[in-house]
Amino acid sequence: MIVPSLSLPQDELRRITGAYCYEERMLFFLLTLGRPGVEVVYLSSAPVDPATVDYYLSFLDDPGEARSRLHMINLGGTGSGQLTESLLRRPDLLARIRAVLGRTADAWMVPFVVSEHEERLSALLNLPIYGPATSLSSFGSKSGGRTVAEAAGVPVARGFSDLRSLSEVEHAARALNPASRLMVKLNNSYSGLGNAVVTRGEGPLSASSTSFSAPDETWVTFAEKIAERGAVLEEFIEERPLHSPSALAMITPGGTCHVIATHEQILGGQNGDVYKGCVFPAAADYRAEVRECAGRIAGALAERGVVGLFGVDFFAVKTDAGYRVLLCEINLRLGGTTHPFGAALLTTGAAFDGHTGTLVRDGRPKYYVATDNCASDCLLGRTPAEIVKFVNDSGLGFDRDSRTGNVLHLLGAIHSYGKLGFTSIGDSPQEAADLHDRTLRALCQPA
């Protein structure tokens, strides 16, 4: 059962265009219907366009048969509230879900993120969650991530954790002399939207030149969030070039850890720290180091009882001896690199090669570039069916023979927001990048 509820800080969600359409990012799980006997229950706040469902099933050998094992259940709304919280108030839908789950003894819930709402749903349905318990969620905070990194022997930027007021942040800043630029991060935030870069002046931080990653943020609103969520203060890493690789890892209920992918993050925004997309895999110069550090962090989390899929973000800094990798943060949830990796893995039928850090199908590695942020006014008012047809007619769709091409997502955001995402898969890094660029140009050109 797929539960893509965005049970996250709502103030930051409101800053993401078409945020509740992001429930559709987990639709790649429909591709698991290609495995005989698998049934999928997919929950959503609003109905998913039938053309979008048809699109994902079209990747399978027998879409009609696969459809018989798919159960799309929606709350009939407009996607304006948290899915799981709303579902808990719908006994009719809970009964419908129980009826589907009652046909199997082997079922589990895959949530986007685990909150108290997902745990309550799990208890009501007697359905285990593949994800970290909320009692362990602190390990996914900025402060908790630094603690885990220390236990795992993974370096972090110089700084302080568990700061609970602007006054504490000020004291920590004075202790970080002589750093002239600092990064303040809210404990629980995502996509870089809880960050502030401060260039210190003579007075307090609140009077210093500050660049907030989130639009319309001020020190007044930011201080309130520090008091509510806590924060970390870190020395701003000045070395350039500064790379931002990440890793995907999984921990099984038995405690076995696997690092299943590395990526190069594509970042943008005011401070260059807001997630926009990714390239698979991370650069060869530091890919092995990223995997090793992610593996150590996964091991430390497994010892603490964490299970599930999660992401780990890093900084990679060039030194005379090679590259130094530092932890940026741990995201104990499905992140922006999860759906591109899932889509590429399931459409190509490739397997992750731990020696090279690539996906390999029939001896040939696969590469991809992905975005969540293809946006253009010319897409406004278009339907998922129109865009799918346009991409396929333009020769940009997925070719099942070569196992290359585009896999689209966020199709539900096209009509109202003129926005979608896609993963461009190629047999070389250049082929994937070229396909990605051609697709961006084709989708964003005026009608």
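For the pair ARG361 and ALA105, label points projected 7 Å from Cα toward Cβ lie 3.6 nm apart.
Projecting the alpha carbon convex hull of the range 358-412 along each direction and taking the average yields 4.7 nm².
Annotation: extensible slack from ASN271 through ASN392 equals 39.9 nm (criterion: 0.36 nm per residue apart, minus Cα-Cα distance).
Taking the Cα centre as origin and putting +1 on Lys and Arg beta-carbons and -1 on Asp and Glu beta-carbons, what dipole magnitude results for the range 1-153, to the nearest 20 debye? Don't jump to the answer; show the numbers that get you there.
On the way: 14 positive and 17 negative charges, 54 e Å.
Taking the Cα centre of the range 1-153 as origin, the dipole is about 260 debye.
How large is Rg over Rh for the range 42-151, taking Rg from the Cα atoms and Rh as the Kirkwood inverse mean of 1/r across Cα pairs? So for the range 42-151, dividing Rg by the Kirkwood Rh gives 1.04. Across the options ALA316, VAL48, GLY357, the greatest Cα extent toward the positive end of the charge dipole of the chain (unit charges at beta carbon of Lys, Arg, Asp, Glu) belongs to VAL48. Rolling a 1.4 Å probe over the heavy atoms of the protein chains gives the chain an accessible area of 41 Å² per residue.
Note on MET109: accessible area approximately 0 square angstrom, rounded to 10, probe 1.4 Å, nucleic acids and ligands left out. Roughly how tilted is helix 338-348, in degrees to the nearest 10 and between 0 and 90, from the longest Cα axis of the chain? It is inclined by approximately 40 degrees.
In vacuo Debye scattering of the range 175-315, one point per C-alpha: log10 I(q)/I(0) at q = 0.10, 0.15, 0.21, 0.22 Å⁻¹? Results for the range 175-315 at q = 0.10, 0.15, 0.21, 0.22 Å⁻¹ read -0.42, -0.87, -1.26, -1.30. With helices as the sole contributors, the chain gives -8500 deg cm²/dmol at 222 nm; each DSSP H run of n ≥ 4 counts as -39500 (n - 2.57), and the sum is divided by every residue.
The GNM of the chain, with springs linking C-alpha atoms under 10 angstrom apart, assigns the highest mean-square fluctuation among ASP427, ASP377, ASP273 to ASP377.
Using a 1.4 angstrom probe on the protein heavy atoms only, could you order ASP106, ASP216 from most to least accessible area? Could you put the intermediate results ahead of the total?
Values: ASP106 110, ASP216 140 Å².
From most accessible down to least: ASP216, ASP106.
Against the empirical 2.2 N^0.38 Å (N residues), the range 27-77 has a Cα radius of gyration ratio of 1.07.
Quick one: dipole size for the range 23-83, taken about the Cα centre, charges +1 on Lys/Arg Cβ and -1 on Asp/Glu Cβ, in debye to the nearest 20.
Details: 4 positive and 8 negative charges, 31 e Å.
Dipole magnitude for the range 23-83 comes out near 140 debye.
The residues packed around GLU85, meaning those with a beta-carbon under 13 Å from its beta-carbon, carry a net charge of 0 if Lys and Arg are +1 and Asp and Glu are -1. Other residues with beta-carbon under 15 Å from the beta-carbon of LEU127 carry, at +1 per Lys or Arg and -1 per Asp or Glu, a net charge of 0.
Size of the dipole of the range 80-214 about the Cα centre, Lys and Arg at +1 and Asp and Glu at -1 on the beta carbon, nothing else charged, in debye to 20? Walk me through the numbers on the way to the answer.
On the way: 14 positive and 11 negative charges, 36 e Å.
The dipole magnitude comes to about 180 debye.
In whole percent, and with a 1.4 Å probe on the protein chains, what portion of the accessible area of the chain is carbon and sulfur? Numbers along the way, then the final one.
Numbers: 9380 of 18410 Å².
Carbon plus sulfur share of accessible area: 51 percent.
The ellipsoid equivalent to the alpha-carbon distribution of the range 214-294 has semi-axes of 29, 19, 12 angstrom, derived from the gyration tensor eigenvalues as √(5λ) and listed largest first.
From the mean inverse distance of alpha carbon pairs (Kirkwood) and the Cα radius of gyration, derive Rg over Rh for the chain.
Numbers: Rg = 21.7 Å, Rh = 22.7 Å.
Rounded to two decimals, Rg over Rh is 0.96.
Computed over the range 240-332, the quotient of the alpha carbon radius of gyration and 2.2 N^0.38 Å is 1.09.
Scaling against 2.2 N^0.38 Å puts the C-alpha radius of gyration of the range 240-280 at 1.50. With the charge dipole of the chain set up from +1 on Lys and Arg Cβ and -1 on Asp and Glu Cβ about the Cα centre, the Cα lying farthest toward the positive end among the listed residues PHE112, TYR417, ALA172 is that of PHE112.
Name the residue, out of THR338, THR348, THR210, whose mean-square fluctuation peaks in a Gaussian network model built on the chain with Cα pairs under 10 Å. Greatest mean-square fluctuation among the candidates belongs to THR210. The candidates TYR417, TYR42, arranged from most to least accessible area with a 1.4 Å probe in the full protein assembly, appear as TYR417, TYR42.
Rg and Dmax of the range 307-437, based on Cα coordinates, read 16.8, 53 Å. Over the range 193-235, the Kirkwood radius and the radius of gyration, each from Cα atoms, give a ratio Rg/Rh of 0.93. When the Cα positions of THR256, SER211, ALA227 are compared along the charge dipole of the range 209-320, THR256 comes out farthest toward the positive end, with charges on each C-beta of Lys, Arg, Asp and Glu.
Compute the relative contact order of the chain as a whole-number percentage, counting only Cα pairs closer than 8 Å that sit 6 or more residues apart in sequence. Before the final figure, lay out the partial values.
Numbers: 903 pairs, mean separation 62.9, N = 447.
In percent, rounded to a whole number, it is 14.
Of the candidates GLU65, GLU170, GLU202, which one comes out as most mobile in a Gaussian network treatment of the chain with C-alpha springs shorter than 10 Å? For the chain, modelled as a Gaussian network with Cα springs under 10 Å, the answer is GLU202.
The values are calculated or read from the model by the stated rules, or taken from the named source; none is laboratory data. Source: prediction; values computed, not measured. Counting neighbours? That spans all protein chains shown, and the Cβs are built from the backbone with ideal geometry, glycine included. Side chains are part of the model used for accessible areas, which takes the heavy atoms of the whole protein and leaves out ligands, DNA and RNA. Shrake-Rupley method; radii C 1.70, N 1.55, O 1.52, S 1.80 Å.
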